[in-house]
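Enquirer: I am attaching a structure below and will ask some questions about it afterwards.
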Amino acid sequence: MYNNAKQEYAMYGVDTEAALNKLKDIPVSIHCWQGDDVVGLDGGGAASGGIQTTGNYLGRARNFEELKADIKKAFELMPGKKRLNLHASYAVGATVDRDKYEPEHFAEWVKFAKEIGLQGIDFNPTMFSHKNVKDGLTLSSPDETIRKFWFNHCKACLHIAEYFADEMKSPCLVNIWIPDGFKDVPADRLTPRLRLKDSLDKILACGYDRSKVIVAVESKVFGIGVESYTVGSNEFYQNYAAKNNICCLLDNGHYHPLEYVSDKIPALLAFYDKVALHVTRGVRWDSDHVVLFEDELKEIAKEIVRNDATEKVIIGLDYFDASINRLSAWVTGQRAMQKALLYALLTNHSELKKLQDNADFTALMVKQEEYKTLPFGAVWKEYLKRENLSEDYLTEIREYENKVLKERV
Ligand code: RNT
Ligand code: ZN
């Protein structure tokens, strides 16, 4: 089947071998928080701050050992190059508060990441699920002690990120997302943003090594209970990032439903060296559903591949579903991302671009439709085979569920 597919794609000027070789080297950063419903290990409890995990499927990882076991199992079923995306709330054995976290609280994660052969670790300050989120605010709070606390947390995170970069010999993305906003009509939209700007200035002035740490800011349109105003909006962060030479992180659940991140990627590539992504699937709102192989994901992958931006776009996943087997959720989303990248790699983009430039929109439409029924599945199967995997991951996950997850009561 693969050989037939190879020939068929060759007729379109697509080299399936080159696509397969390229795909296995595109790293995807996989979020640890799908494993435990964003609870974390530092006692913060269920996710708050406008995000929510719904569902009560059996077997949630309740501690570090269980989370590691689940990550190990799930990652084994994922093809390609993998990084681990950690939140600061996953500190191990910390007896101090988040403003005093040290690399030692993450040394066990580094050990684990090396053990299972990951390419790197990315990091996120955790500015939610904590008593110092005061009246819903963190870095934009009018209370100076609150701002100071979260500043110190971010400073600690930058230091830990350098440690990750050194240990893994790979730069670490530090993504700043805060829940700050208001449920209802604010009296002042500017001052909280000026306070956030000032907090970010102070964080960047901490003096981190830019060759090791990539700082990103993640905007959002609204959250649950924070519907009317978000301090860290898209315009705010895009301007902040541009003026301060840091990176924007685009989460595709964080825009109005008819705004597309696939369109924003090339807009940012015109100005930035790097663009970071949180790939998720919004259903009506930022619902963080499991990523699936669907149209917008394909468009996102096309923008990465056809703009030769696989080294510029930092791909991370961000979803959390507690209503189905969590390992299956993880693997399904990661494989969907890989499928989308493969789909994009199996396209003769220069030919299609030429049609666009020649204004042959008739042929462009017809060709793009033809690609949709080429034997993509056969090439995907071949990729999995070369990665020593098969299409079926459910059987193994069911076995693990029966043996391991069901015991967690
Ligand atoms: C929230 C943001 C943020 C979180 C994670 C847990 O809307 O998307 O990235 O999902 O940090
Ligand atoms: Zn996100």
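The values are calculated or read from the model by the stated rules, or taken from the named source; none is laboratory data. Given the structure is predicted, the values throughout are model-derived calculations rather than measurements. In this analysis, Cβ positions are derived from the backbone assuming ideal geometry, glycine residues included, and neighbour counts consider all displayed protein chains.
Enquirer: Can you name every residue in the stretch 242-258 that is more than 15 Å from ligand 1 (Cβ to nearest atom) and in contact with a Gly (Cβ under 6 Å, 6 or more places away or on another chain)?
Expert: Across the stretch 242-258, there are no qualifying residues.
Enquirer: How do the pairs read when you match residues in the stretch 166-188 that are assigned to a loop (DSSP other than H, G, I, E, B) with residues anywhere that are within 16 Å of ligand 2 (Cβ to nearest atom) and of a type in the set (Ser, Thr, Tyr), using Cβ under 6 Å and keeping only pairs 6 or more apart or on different chains?
Expert: Qualifying pairs under 6 Å: 178/138; 180/138.
Enquirer: Does residue 287 satisfy the condition of being of a type in the set (S, T, N, Q), over 25 Å from residue 395 (Cα atoms) and in a helix (DSSP H, G or I)?
Expert: Details: of a type in the set (S, T, N, Q): yes; over 25 Å from residue 395 (Cα atoms): yes; in a helix (DSSP H, G or I): no.
Considered against the rule, which asks whether it is of a type in the set (S, T, N, Q), over 25 Å from residue 395 (Cα atoms) and in a helix (DSSP H, G or I), residue 287 comes out as no.
Enquirer: For the stretch 328-342, state whether one or more residues are surrounded by 19 or more Cβ atoms within 10 Å (Cβ to Cβ), modelled with pLDDT of 95 or more and over 28 Å from residue 275 (Cβ atoms).
Expert: Yes, there is a match, as at least one residue in the stretch 328-342 is surrounded by 19 or more Cβ atoms within 10 Å (Cβ to Cβ), modelled with pLDDT of 95 or more and over 28 Å from residue 275 (Cβ atoms).
Enquirer: So, one more: Just to be sure I understand, how many residues within the stretch 386-403 are closer than 19 Å to residue 80 by Cα and without any contact (Cβ under 8 Å) to a residue 24 or more places away in the chain?
Expert: Matching residues across the stretch 386-403 total 4.
Enquirer: Among the residues of the stretch 128-148 satisfying the criterion of being of a type outside the set (S, T, N, Q), away from ligand 1 (no atom under 16 Å from the Cβ) and assigned to a loop (DSSP other than H, G, I, E, B), which is farthest from residue 226 (Cα to Cα)?
Expert: Taking the stretch 128-148 first, the residues of a type outside the set (S, T, N, Q) are 128, 130-131, 133-137, 139, 142-144, 146-148.
In the following step, the residues that additionally are away from ligand 1 (no atom under 16 Å from the Cβ) were identified as 131, 134-135, 142-144, 146-148.
Cutting the leftovers down to assigned to a loop (DSSP other than H, G, I, E, B) gives us 131, 135, 142-143.
Details: 131: 17, 135: 11, 142: 17, 143: 19 Å.
So the residue we want is 143.
Enquirer: Out of 308, 288, report the one residue that is of a type in the set (D, E, K, R), surrounded by fewer than 19 Cβ atoms within 10 Å (Cβ to Cβ) and on the phi > 0 side of the Ramachandran plot. First the steps, then the outcome.
Expert: Values: 288 fails: surrounded by fewer than 19 Cβ atoms within 10 Å (Cβ to Cβ).
Going through 308, 288 in turn, the sole match is 308.
Enquirer: Also, I was wondering about something else. Give me the pairs: first residue in the stretch 33-55 and touching a residue at least 40 places away in the same chain (Cβ under 8 Å) and of a type in the set (S, T, N, Q), second residue assigned to a loop (DSSP other than H, G, I, E, B) and surrounded by fewer than 21 Cβ atoms within 10 Å (Cβ to Cβ), beta-carbon distance under 6 Å, and six or more apart or on different chains, which are they?
Expert: These pairs meet every condition: 52/224; 53/322.
Enquirer: Say we look at the stretch 146-173 and pick out the residues that are basic (Lys, Arg) and under 22 Å from the mean Cα position of the chain (by Cα); which of these is farthest from residue 120 (Cα to Cα)?
Expert: My answer is 155.
Enquirer: Search the stretch 354-365 for residues that are in contact (Cβ under 8 Å) with a residue 12 or more places away in the chain and under 14 Å from residue 12 (Cβ atoms) and pair each with any residue that is among the aromatic types (Phe, Trp, Tyr) and part of a helix (DSSP H, G or I) when their beta-carbon atoms are under 7 Å apart and the residues are at least 6 apart or on different chains.
Expert: Within 7 Å, no pair qualifies.
Enquirer: Identify all residues within the stretch 236-245 that are closer than 16 Å to residue 221 by Cα and without any contact (Cβ under 8 Å) to a residue 12 or more places away in the chain; write none if there are none.
Expert: Listed by number, the list holds a single entry, 239.
Enquirer: Condition check: under 29 Å from the mean Cα position of the chain (by Cα), among the aliphatic types (A, V, I, L, M) and closer than 20 Å to residue 298 by Cβ. Does residue 379 satisfy that?
Expert: yes
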